[in-house]
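Enquirer: Pasting a structure here, questions to come.
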Amino acid sequence: MKAWKHFCTITKHRRLVRKSCFKIGLIKQGLTHDLSKYSPVEFCAGVKYYTGDRSPNDGQRRAEGYSAAWLHHKGRNRHHFEYWIDYSLEKDALSGMAGLKMPRKYVAEMFCDRLAACKVYHKDNYTDAAALKYLERSVSRMLIHPETLKELAYLLKMNADCGEEETYRYIREEYLKGAPVGDVEIHPWSKERIEAFLKNGHKETDNGETNHDQR
Ligand SMILES: [Zn+2]
């Protein structure tokens, strides 16, 4: 039964994120992560467009022209960079809108969210580098503040290189206490490339990647 399966998917995802959030000391965020997925507008769409291997929101977009579930979700959950898109005060901003710089506690929750989503979708093929690779493939279409992107990339790179436990320790003891985040060369894109695409718009092509981060 799809409703039960969808309920289990959400609950499993929330359990994984909760465990990670507790490790970095974000107790309240760990307990409340993605709770809006149980609301009727999100839950019903999740059941109707359930496939098991990708976000149901894509199905709703295709069928209905937009995803009411996603619009509801991203408007309420601060760990999504899309929550932070707003009118820009910069005159040359892309289409008048810009990604605002996210508070670190939500960047940290986004890190936990992305790891959990990759674990659920990749199952036995999951590796510590999975979430970094997904970011590399989708970065060209993200309307996100460069500093926020740099911080997210730094955490995912550390996770790929040093593993989860070391990254949780870093987030808890350094990142969330305001330690400066270093520049990191992340193949195949770099800081300059991030800045270039934010300036020039979304020119790079998407390769039809499965939607992993529940957009
Ligand atoms: Zn979410």
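Readers should treat all values here as calculations from the given coordinates under stated rules, not as data from a laboratory. Model, not experiment: these values are computed from the prediction. Virtual Cβ from ideal backbone geometry, glycine too; neighbours counted across all protein chains shown.
Enquirer: Express in nm, to one decimal, how much length is gained between R15 and R54 on full extension, taking 0.36 nm for each residue of separation and deducting their alpha carbon distance. Numbers along the way, then the final one.
Expert: On the way: separation 39, 0.36 × 39 = 14.04 nm, distance 1.85 nm.
Extending this stretch completely gives an extra 12.2 nm.
Enquirer: Continuing with this model, one more query. Just to be sure I understand the model, the point goes 7 Å from the Cα along the line to the Cβ. What's the resulting R137 to L35 distance in nm?
Expert: Those two pseudo-labels are separated by 3.3 nm.
Enquirer: Students often check this: by mean Cβ neighbours within 10 Å, which of 27-36, 111-120 ranks highest, and how do the rest follow? Please list the in-between numbers first.
Expert: Working: 27-36: 16.2, 111-120: 22.4.
Ranking the peptides 27-36, 111-120 by packing returns 111-120, 27-36.
Enquirer: Would you please put 172-182, 140-150, 2-12 in order of how densely packed they are, using the mean number of other Cβ atoms within 10 angstrom per residue and starting with the highest? Before the final figure, lay out each step's value.
Expert: On the way: 172-182: 12.6, 140-150: 17.6, 2-12: 14.4.
In decreasing order of mean packing, 172-182, 140-150, 2-12 become 140-150, 2-12, 172-182.
Enquirer: Related question: Name the shape class, rounded, prolate or oblate, that the alpha-carbon gyration tensor gives for the stretch 1-120, where a ≥ b ≥ c are the square roots of its eigenvalues, rounded holds for a/c under 1.5, and otherwise prolate holds if a/b is larger than b/c and oblate otherwise.
Expert: Details: a/c = 2.35, a/b = 1.18, b/c = 2.00.
The shape class here is oblate.
Enquirer: Would you please give the FRET efficiency between L100 and C8, computed as 1/(1 + (r/R0)^6) with r the Cβ-Cβ distance and R0 = 35 Å, to the nearest 0.05?
Expert: Values: r = 34 Å, r/R0 = 0.98.
That pair, L100 with C8, gives E of 0.55.
Enquirer: Right, next: Any chance you could get the radius of gyration and Dmax over the Cα atoms of the stretch 87-177, in Å?
Expert: 14.3, 47
Enquirer: Moving on to the next point. Stretched out fully, how many nm does the piece from K119 to K28 gain, at 0.36 nm a residue minus the Cα gap? Before the final figure, lay out the partial values.
Expert: Details: separation 91, 0.36 × 91 = 32.76 nm, distance 2.24 nm.
Computed gain between K119 and K28 is 30.5 nm.
Enquirer: To make sure I understand, if each residue's beta carbon is the centre and we count other beta carbons within 10 Å, what order do F81, F43 fall in, fewest to most?
Expert: On the way: F81 22, F43 17.
Fewest to most other Cβ atoms nearby, the residues stand as F43, F81.
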